[in-house]
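See structure below.
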Amino acid sequence: MPDILVYALHYEGAINKNSLGAVSEGARLASEIGGECHAIVVGGDDLTDDLCASLGNHGATKVYRAQAPEGLAQPVVDAMAKVIADNGHGYALFGGGLLGFEVGAGLAARLGAGVAMEVTAVHIEDGKLIAERPILGDSAISQINFRSDVGIIIGRLNAFEAKESGAGAATVEDVQVELSPHAQQATMVQRGEQRGADVDIEGADVLVAGGRGLGKAEGFELVEELAKAFGGNSAVAATRAVVDAGWYPYAAQIGQTGKTVAPKLYLAAGISGAIQHKVGMQSSENIVAINKDANAPIFEFSDLGVVGDLNKIVPKLTEAIKAKKGG
Ligand SMILES: Cc1cc2nc3c(=O)[nH]c(=O)nc-3n(C[C@H](O)[C@H](O)[C@H](O)COP(=O)(O)OP(=O)(O)OC[C@H]3O[C@@H](n4cnc5c(N)ncnc54)[C@H](O)[C@@H]3O)c2cc1C
């Protein structure tokens, strides 16, 4: 029966939550097809026995530990290709995120394998994994099965929920990987957490989202002040345009290539309402938009639209909310 190999990314002694979700999903799927879920971790001395074995808590029965640079795609591709060639895994599963996409795509090219990206769910038919991928702006689901020996499934970021299985420690097996010449061309200069990377926009009740209409990175102070005035469980979110411009961290991005949210109140400041943004926030209970262009698409799906300059409206709104809350 095919085993599933899951790539587990780690940073500063902790396995990434998105990867834990992928391991949990791998364990669920493996148990249904009668195989095992194995994980692979790549890195240096920080990969302690305890850290590797802890993946057993999320359902991995075995963890392959490869000594190679972590955080770069090609060394991970080398390591995964070797482990799959030596052990005959039927599937490779990734939790998504930028590195997951890059490694998964590289592995697909290396193995000549089929790959499904942006997967939001996986089910089983006739003992085989079928990946479900939203298409056409999330309005339909395509179902993808694999004809290649190895099927590669890359989840949408945080699509798979991390669940403790209570299964205990996994066995840890060291693998020796000979890096291909091109995998040694890049070196890691620096790693760090993005500002706001820990923002939990998916769990917020109130989201104040900022777009290119804020004008510059400093413009986000306006929406940060407004979110602060709302208080409680509120947070700041962003469009891809401003994330790409480096104005705000990717962790706060809503949309097709970001997170999907459904807060009680979603307030958009300077956001046009592109379809790729809409698919990530359209389930919000109440949508309020501030935009100077009365024809902006966002007004077509807003409960309340305010046409005007956000630089004038947002500070007034912040003051009004503070006043209502008594300070
Ligand atoms: C494959 C793909 C995936 C994508 N994924 C995503 C995604 O996940 N999330 C996402 O958000 N986008 C995504 N995009 C990009 C998307 O198509 C839009 O380009 C993006 O959402 C636009 O961001 P924006 O609304 O901030 O900027 P703009 O479209 O430039 O809109 C800015 C708005 O601000 C208004 N404005 C300007 N100044 C003011 C002012 N002073 N006061 C009030 N209003 C003002 C303007 O009228 C305008 O409507 C994706 C695109 C592609 C092709």
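Listed conditions (1) more than 11 Å from the ligand (Cβ to nearest atom); (2) in contact with a helix residue (DSSP H, G or I) (Cβ under 7 Å, 6 or more places away or on another chain); (3) open to solvent by less than 10 Å² (accessible area, probe 1.4 Å); (4) touching a residue at least 40 places away in the same chain (Cβ under 8 Å) are all met by Ala252, apart from (1).
Quickly run through the stretch 271-281 and pick out the residues that are crowded, with 24+ Cβ neighbours inside 10 Å and outside any helix (DSSP H, G or I). Matches in the stretch 271-281: Ile271 only. Any residue in the stretch 12-20 that is hydroxyl-bearing (Ser, Thr, Tyr), buried (at least 24 other Cβ atoms within 10 Å of the Cβ) and over 18 Å from Asp174 (Cα atoms)? Scanning the stretch 12-20, I find at least one residue that is hydroxyl-bearing (Ser, Thr, Tyr), buried (at least 24 other Cβ atoms within 10 Å of the Cβ) and over 18 Å from Asp174 (Cα atoms), so the answer is yes. For first residues located in the stretch 310-322 and over 19 Å from Ala294 (Cβ atoms), partners that are buried (at least 17 other Cβ atoms within 10 Å of the Cβ) and lie 6+ apart or on another chain with Cβ distances below 6 Å form the pairs Thr318/Glu225; Thr318/Leu226; Thr318/Ala229; Ile321/Ala229; Lys322/Ala229.
For the stretch 277-289, a tally of residues being of a type in the set (Val, Ile, Thr) and near the ligand (Cβ under 9 Å from one of its atoms) returns 1.
Every condition in (1) outside any helix (DSSP H, G or I); (2) at pLDDT 90 or above; (3) touching a helix residue (DSSP H, G or I) at 6+ places or on another chain (Cβ under 6 Å) holds for Ser142 except the one numbered (3).
For the stretch 259-270, the count of residues that are surrounded by fewer than 20 Cβ atoms within 10 Å (Cβ to Cβ) and modelled with pLDDT of 95 or more is nonzero. For the stretch 100-117, the candidate set comprises residues that are touching a residue at least 40 places away in the same chain (Cβ under 8 Å) and over 18 Å from Leu179 (Cα atoms); within that set, the residue that is surrounded by the most Cβ atoms within 10 Å (Cβ to Cβ) is Gly100. When we screen Pro315, Pro263 for residues that are away from the ligand (no atom under 13 Å from the Cβ) and not in a strand (DSSP E or B), the only hit is Pro263. Quick check on my filter: what residues within the stretch 290-308 are buried (at least 20 other Cβ atoms within 10 Å of the Cβ) and more than 9 Å from the ligand (Cβ to nearest atom)? The one that is buried (at least 20 other Cβ atoms within 10 Å of the Cβ) and more than 9 Å from the ligand (Cβ to nearest atom): Ser302.
For the stretch 211-241, taking the residues that are more than 17 Å from Val288 (Cβ to Cβ) and within 8 Å of the ligand (Cβ to nearest atom), the one that is least open to solvent (accessible area, probe 1.4 Å) is identified as Ala241. The residues in the stretch 27-60 that are under 19 Å from Val122 (Cβ atoms), of a type outside the set (A, V, I, L, M, F, W, C) and either in a helix (DSSP H, G or I) or in contact with a helix residue (DSSP H, G or I) (Cβ under 6 Å, 6 or more places away or on another chain) (or both) can be counted, and the count is 6.
From the list Ile130, Ile84, Ile153, Ile141, pick out the single residue that is within 21 Å of Pro69 (Cβ to Cβ) and not hydroxyl-bearing (Ser, Thr, Tyr).
Ile84
Residues of the stretch 73-95 being touching a Gly at 6+ places or on another chain (Cβ under 6 Å), open to solvent by less than 10 Å² (accessible area, probe 1.4 Å) and more than 22 Å from Gln184 (Cα to Cα), which ones? Once the filter is applied, which keeps residues that are touching a Gly at 6+ places or on another chain (Cβ under 6 Å), open to solvent by less than 10 Å² (accessible area, probe 1.4 Å) and more than 22 Å from Gln184 (Cα to Cα), the stretch 73-95 yields Leu93, Phe94, Gly95.
Ile135 - would you say it is modelled with pLDDT of 95 or more and out of contact with any helix residue (DSSP H, G or I) (no Cβ under 9 Å at 6 or more places or on another chain)?
So Ile135 fails the test.
Scanning the stretch 266-276 for residues that are in contact (Cβ under 8 Å) with a residue 60 or more places away in the chain, at negative phi and within 6 Å of the ligand (Cβ to nearest atom) turns up Ile271, Ser272, Gln276.
Collect the residues in the stretch 171-187 that are among the polar types (S, T, N, Q) and either in contact with a Phe, Trp or Tyr (Cβ under 9 Å, 6 or more places away or on another chain) or open to solvent by 50 Å² or more (accessible area, probe 1.4 Å) (or both), keeping them in residue-number order. First the steps, then the outcome.
Kept after step one, since they are among the polar types (S, T, N, Q), are these residues of the stretch 171-187: 171, 176, 180, 184-185, 187.
Passing the criteria: Thr171, Gln176, Gln184, Gln185, Thr187.
The values are calculated or read from the model by the stated rules, or taken from the named source; none is laboratory data. Keep in mind that what you see is a predicted model, and the values were worked out from it rather than measured. Note that we place each Cβ from the backbone using ideal geometry, even for glycine, and neighbour counts take in every protein chain shown. What goes into the accessible areas is simple: the full protein's heavy atoms, side chains included, and nothing from ligands, DNA or RNA. Shrake-Rupley method; radii C 1.70, N 1.55, O 1.52, S 1.80 Å.
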